[in-house]
1. Just checking, which of Met351, Met344 is of a type outside the set (Phe, Trp, Tyr), over 30 Å from Ala278 (Cβ atoms) and away from the ligand (no atom under 11 Å from the Cβ)?
2. What single numbered condition from (1) away from the ligand (no atom under 13 Å from the Cβ); (2) surrounded by 22 or more Cβ atoms within 10 Å (Cβ to Cβ); (3) β-branched (Val, Ile, Thr) fails to hold for Thr243?
3. For segment 421-432, give me each residue that is modelled with pLDDT under 95 and either assigned to a helix (DSSP H, G or I) or of a type in the set (Phe, Trp, Tyr) (or both).
4. Taking the condition of being of a type in the set (Ser, Thr, Tyr), in a helix (DSSP H, G or I) and within 15 Å of the chain's Cα centre (by Cα), how many residues in segment 382-420 meet it?
5. How about segment 146-161: which of its residues are surrounded by 12 or more Cβ atoms within 10 Å (Cβ to Cβ) and modelled with pLDDT under 90?
6. Can you confirm whether Glu379 is within 16 Å of the ligand (Cβ to nearest atom), part of a helix (DSSP H, G or I), among the acidic types (Asp, Glu) and crowded, with 19+ Cβ neighbours inside 10 Å?
7. All but one of (1) part of a loop (DSSP other than H, G, I, E, B); (2) near the ligand (Cβ under 10 Å from one of its atoms) hold for Ala337; which doesn't?
8. Which pairs have Cβ atoms under 7 Å, sit 6 or more apart or on different chains, and link a residue in segment 53-66 that is in contact (Cβ under 8 Å) with a residue 60 or more places away in the chain to one that is near the ligand (Cβ under 10 Å from one of its atoms) and of a type in the set (Ser, Thr, Tyr)?
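The values are calculated or read from the model by the stated rules, or taken from the named source; none is laboratory data. Just so it is clear, the structure is predicted and the values come from calculations on it, not from any experiment. Glycine gets a Cβ as well: all are built from the backbone with ideal geometry, and neighbour counts include every protein chain shown.
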Amino acid sequence: MRSGFGNTFGPIFTVYLGRTPIIFVTSASLTHASLVEESRLFADRPLFPSRKLFTSNFRNINSSPYGPFWRLIRRNLVENVFAVPNILAFRPARLHAIARIISNIRTVAKQNQGAVSVYPTIRLGVFEILLFMCFGYRMQEEEILEMSELLLSVGKLAEEQILDIVPLLKIFRPGKDKADGTLRARQVQVFTSRFQKYKELRELGQVTRGSYLESLQRMDLTTSEIVTLCSEFMLAGTDTTVTTLEWAMAHLVRNPSIQSKLYRHIRDVVGDRPVEEADLQHLPYLRAIIQETLRLNPPGHTLLPHAVSEPAKLGGYDIPCNAIVMFDILTMSRDPAIWKEPLMFNPERFMQLEVDMTGSKGVTMIPFGAGRRICPGLELATMHMEMLIAHLVQTFEWSNWPAGKEVNLAVKQHFTVRMKYNLKASVKERAG
Ligand code: HEM
């Protein structure tokens with residue numbers, strides 16, 4: 001099990017790929033010194049040429065250079081869409097999607113002697129919740145599948161960023177530019193047809209107010225930019241959340257006593273009825289399980305690439321403006337100097353310890369980043385993960401499939417760092 005690059009190469013080191021310096025920061029204190037104490041300086045992003053097309057010329061939140069446009073679109077997301085009353089307005093969509101996931105699990109289990117592949121069974125439900133928040137109306141099954149397949153193709157391009165750093169590698173991807181152009185045209189066409197449907201339903205008073213699309217249409221943005229921003233919302237929120245859920249379920253399958261403790265904890269607090277959002281604040285053990293999962297298996301082992309807006313110094317190193325700065329957060333969250341028995345899955349540690357995942361007072365684990373570029377979806381994602389784990393464990397008992405076979409924790413880098421072998425588990429309906 002990897003503990004991060006830091007153990008091998010030290011707290012900060014540079015690798016050259018072609019002419020581009022890539023500076024890896026692996027220490028928690030240097031991460032705090034840069035992302036929190038010098039937050040403004042380290043809040044820029046490198047501009048990868050291959051992303052120009054799919055980001056409408058770097059006009060989405062994650063790729064936009066630090067500046068007024070970034071501030072405007074980020075503030076819109078945080079203050080309008082992610083405001084608590086607005087999130088609560090989408091509660092019916094969440095409950096609908098959770099019910100669908102549970103029903104899918106029952107169907108799949110029935111067809112496969114009790115066995116369920118966790119990732120694919122959960123993914124569409126999480127995607128559906130975000131689609132609803134993005135567009136304000138419930139899409140038909142085939143529309144959801146079309147959007148999902150389309151965005152999986154768009155998301156795959158993020159895995160090809162190496163081509164920007166070493167352009168020579170492009171010879172292994174002949175026809176890439178043409179294929180990208182075709183995909184972008186399809187993305188714009190499919191999204192535009194959804195915008196049209198939104199307009200029709202809105203005129204009939206049949207949309208949930210407060211969607212991301214509604215907020216974006218109030219701003220001075222082009223259709224292409226709105227397509228890009230809606231796509232980012234879906235891409236940033238789906239696989240990060242589902243990857244973490246799969247890891248959490250893997251740990252619960254590997255640790256039946258922790259799973260039983262969670263089940264009893266939920267029963268003690270809420271009784272027999274399904275967990276609701278208002279219960280979450282009374283379920284610290286549930287939160288501890290999510291935190292421990294994010295510590296041991298953050299869906300990104302590094303943050304998104306950062307850059308400095310002017311030449312800087314960090315840990316005695318010069319950081320030039322053309323450098324790509326990578327924060328290796330896995331090293332920090334598995335650092336034995338910070339965490340006792342760091343490779344052990346032990347949610348109890350969070351029952352005794354108040355951990356600030358935003359890193360503002362000091363960095364120990366920052367699965368959502370820290371400073372100005374911290375993930376704006378932190379609270380929404382946490383709520384979705386807690387609700388889903390609670391319902392999955394309330395409804396079913398999860399165990400190894402086939403019985404006696406250990407869960408394999410090998411990793412694979414996709415858009416997120418996922419389980420190399422999709423978790424397949426056996427589910428048994430709980431008595432009630
Ligand atoms: C378990 C779930 C999630 C994790 C672990 C996660 C993690 C992260 C990380 C590590 C970053 C990069 C921070 C940096 O570069 O410093 C990020 C950025 C971002 N995330 Fe998330 N994320 C999650 C869910 C979500 C959700 C649900 C949304 C929205 C629907 C979202 C939207 C974004 C956006 C827009 C950015 C770019 C922020 C910026 O550059 O200013 N994320 N996230």
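1. Answer to the check: Met344.
2. Of (1) away from the ligand (no atom under 13 Å from the Cβ); (2) surrounded by 22 or more Cβ atoms within 10 Å (Cβ to Cβ); (3) β-branched (Val, Ile, Thr), only one is false for Thr243: (1).
3. Across segment 421-432, there are no qualifying residues.
4. Residues flagged as of a type in the set (Ser, Thr, Tyr), in a helix (DSSP H, G or I) and within 15 Å of the chain's Cα centre (by Cα) within segment 382-420 amount to 1.
5. Matches in segment 146-161: Lys156, Leu157, Ala158, Glu160, Gln161.
6. no
7. (2) is the only condition that Ala337 fails.
8. Thr55/Ser63
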